[in-house]
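Comments concern the structure below.
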Amino acid sequence: MSSCIFMIWQESWSQQLDNKLHSVKPVIGTWPVIPMQRTDVKLTRLRIGHIRFTHWHLLLGENAPQCPSCKDSYTVKHILVDCPVFNHYCITFFGSSHLTLSDLVGEIPHQNLFAFIRKTGFLYLI
């Protein structure tokens, strides 16, 4: 890809501050591939913010699922970062409750990401 085209794309992408993926991938480029395809697919779904649990309602024509504790819509960010219900799991698996999506699913995903997801019950809902 020519550097001029890349710079134009990057400039356009840099203006997409409200885009969920932009917060995780601010610079255009390829992701490293995880050798286990199922894990790679799940990680990609987490990165783009589209998992079965948070988007199934669109196919069914229903309202978005809401967190019973917070009353916020379930999103990947809510599950991984914002929800106080999972705060103790964040501390256990990530050593902190003050993380960003980029910390967890960025270029190098957190080593305990899938252990956290398994423990919270979302592993098979991705």
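The values are calculated or read from the model by the stated rules, or taken from the named source; none is laboratory data. Quick caveat, the model's predicted, so the values are computed rather than measured. All Cβ positions, glycine included, derive from the backbone under ideal geometry; neighbour counts span all protein chains shown. Remember, those area values only see protein heavy atoms, side chains included, never the ligands or the DNA or RNA. Shrake-Rupley method; radii C 1.70, N 1.55, O 1.52, S 1.80 Å.
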May I ask you to list the residues in segment 44-55 that are surrounded by 15 or more Cβ atoms within 10 Å (Cβ to Cβ) and basic (Lys, Arg)?
-> 45, 47
Those residues that are open to solvent by less than 70 Å² (accessible area, probe 1.4 Å) and of a type in the set (Phe, Trp, Tyr), I need them from segment 87-126; list them, please.
-> 89, 93, 94, 114, 116, 122
Does residue 38 fit the bill of being loosely packed, with under 10 Cβ neighbours inside 10 Å and not small (Gly, Ala, Ser)?
-> yes
Cross-chain or 6+ apart pairs with Cβ under 8 Å, segment 46-59 first and of a type in the set (Asp, Glu), then open to solvent by 60 Å² or more (accessible area, probe 1.4 Å) | none
Quickly run through segment 56-86 and pick out the residues that are closer than 16 Å to residue 117 by Cβ, in a helix (DSSP H, G or I), open to solvent by less than 60 Å² (accessible area, probe 1.4 Å) and not β-branched (Val, Ile, Thr).
-> 78, 80, 86
Residues located in segment 21-33, provided they are open to solvent by less than 60 Å² (accessible area, probe 1.4 Å), without any contact (Cβ under 8 Å) to a residue 40 or more places away in the chain and assigned to a loop (DSSP other than H, G, I, E, B) = 28, 29
